[in-house]
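The structure appears below as structure tokens.
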Amino acid sequence: QALAPRTAPSTSPVMVSDALQAIALAGSQEALGLAVVIGGEAGYSLSQRPGKAWKTSVPTLVASGVLAYAATLIESGNRDEMLSGLALGTPVSLALCALYGLRVRADDGAPKDAPIVGLIVSVLGFF
């Protein structure tokens, strides 16, 4: 009885099932949607009060870019890249919640409507 030849272990990335792919698509759309909303809010705040808003708007714009990148990783279909995207997006979302909370509490004379909406959206985007 002949033995089957041994093959080298596969080094291809581990792909996910159709169900996980659907979840990944939803997660990536959520992260991308949050990135667009917070990027728009930061741009609006920066245009309204450029002298004071840059301290919080620039980090928010950076976070928006990081979340957009994390969304592409989450949607990739590769398990390792999906985990990296989630690991990148989670602390950014938590930091956004804290940043918007500080902006709402800050006594800087700036209107609080945009940061309050940002706080609500970032909390909903995290959960």
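Of the residues that make up the stretch 47-55, is at least one modelled with pLDDT of 80 or more and of a type outside the set (V, I, T)?
Yes, the stretch 47-55 has at least one match.
Just wondering, is there one or more residues in the stretch 102-124 that are open to solvent by 30 Å² or more (accessible area, probe 1.4 Å), modelled with pLDDT of 90 or more and not small (G, A, S)?
Checked the stretch 102-124: no residue is open to solvent by 30 Å² or more (accessible area, probe 1.4 Å), modelled with pLDDT of 90 or more and not small (G, A, S).
In the stretch 37-44, is there at least one residue being among the acidic types (D, E), modelled with pLDDT under 85 and surrounded by 15 or more Cβ atoms within 10 Å (Cβ to Cβ)?
yes
Can you tell me which condition L88 does not meet? The list is (1) in contact (Cβ under 8 Å) with a residue 24 or more places away in the chain; (2) surrounded by 15 or more Cβ atoms within 10 Å (Cβ to Cβ), and all the others hold.
(1)
The values are calculated or read from the model by the stated rules, or taken from the named source; none is laboratory data. The model shown is predicted, which means the values in this text are computed figures rather than measured ones. Ideal geometry is used to build each Cβ from the backbone, glycine not excepted, and the neighbour counts take in all protein chains shown. In case anyone asks, the SASA skips ligands and DNA or RNA and just uses the protein heavy atoms, side chains included. Shrake-Rupley method; radii C 1.70, N 1.55, O 1.52, S 1.80 Å.
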